[in-house]
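One structure below.
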Amino acid sequence: MQCIRKGSGSSLPDPLHHGRGRSTGRISVDRLWPFRYGSDVPGKLWRGTNPNRRDIRTHMYVGTLSFDLLLGDVRSLKEKRSVVRPIVAELQRKCAVSAAETGGQNLHRRAEIGLAVVSGDTGHLTDVLDRCERLVAGRPEVELLSVRRRLHSDED
């Protein structure tokens, strides 16, 4: 950024000066407060609603999936972990979701995996949940017994 000199016509402060009172002809940053960087309009502490702001309502949607899995030839909890952990890691890596084994931790041949996704668009949310379901259903070492899908909005 360039130096701002008195009378230059710009109202942006020089970020390097920091208002130390040197007599170099620069405008003190302290005197220019409430001006903001990147704006020629002084900042204002709004009381109530900002008249320049559009009335835009953003929504948040949360989608959850719960998979009930039957594992193949698994005889120990250690073997079960070696099957379930890669599925959870692949869901997290490929689909950018939050996933974990949520049930049946003490059963050798059963597992429950839960995942959650947050999005601002229901179309995107449905696409991600469909992709996750196809990924788990396509694994040959597990049999998908049931899938429970839930969609929640911030108005629920």
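Among residues of the range 67-88 that are in contact (Cβ under 8 Å) with a residue 60 or more places away in the chain, those with a Cβ under 6 angstrom from a residue that is open to solvent by 70 Å² or more (accessible area, probe 1.4 Å), sequence gap 6+ or separate chain, pair up as Asp68/Leu145; Leu70/Glu143; Leu70/Leu145; Leu71/Arg109. Evaluated against (1) closer than 24 Å to Ser153 by Cβ; (2) part of a strand (DSSP E or B); (3) among the small types (Gly, Ala, Ser), Ala111 falls short on exactly one condition, (1). Residue count for the range 114-154, restricted to those that are assigned to a loop (DSSP other than H, G, I, E, B) and touching a residue at least 24 places away in the same chain (Cβ under 8 Å): 5.
Taking the listed residues Gly123, Gly104, the one that is over 15 Å from the mean Cα position of the chain (by Cα), surrounded by 16 or more Cβ atoms within 10 Å (Cβ to Cβ) and at pLDDT below 95 is Gly104, with no other qualifying.
Would you confirm, using the coordinates I've provided, whether Leu129 is of a type outside the set (Phe, Trp, Tyr) and open to solvent by less than 50 Å² (accessible area, probe 1.4 Å)? First the steps, then the outcome.
On the way: of a type outside the set (Phe, Trp, Tyr): yes; open to solvent by less than 50 Å² (accessible area, probe 1.4 Å): yes.
For Leu129, the condition - of a type outside the set (Phe, Trp, Tyr) and open to solvent by less than 50 Å² (accessible area, probe 1.4 Å) - is met.
Filtered by the rule that a residue be aliphatic (A, V, I, L, M), over 17 Å from Ser82 (Cα atoms) and out of contact with any Leu (no Cβ under 7 Å at 6 or more places or on another chain), the range 98-124 gives Ala116, Val118. Checked against (1) in contact (Cβ under 8 Å) with a residue 40 or more places away in the chain; (2) open to solvent by 80 Å² or more (accessible area, probe 1.4 Å); (3) under 17 Å from the mean Cα position of the chain (by Cα), Arg110 meets all criteria but (3). Of all the criteria given as (1) open to solvent by 60 Å² or more (accessible area, probe 1.4 Å); (2) touching a helix residue (DSSP H, G or I) at 6+ places or on another chain (Cβ under 6 Å), the one not satisfied by Leu144 is (1).
The values are calculated or read from the model by the stated rules, or taken from the named source; none is laboratory data. Given the structure is predicted, the values throughout are model-derived calculations rather than measurements. Ideal geometry is used to build each Cβ from the backbone, glycine not excepted, and the neighbour counts take in all protein chains shown. Note: accessible area is taken over every heavy atom of the protein model, side chains too, but ligands, DNA and RNA are not part of it. Shrake-Rupley method; radii C 1.70, N 1.55, O 1.52, S 1.80 Å.
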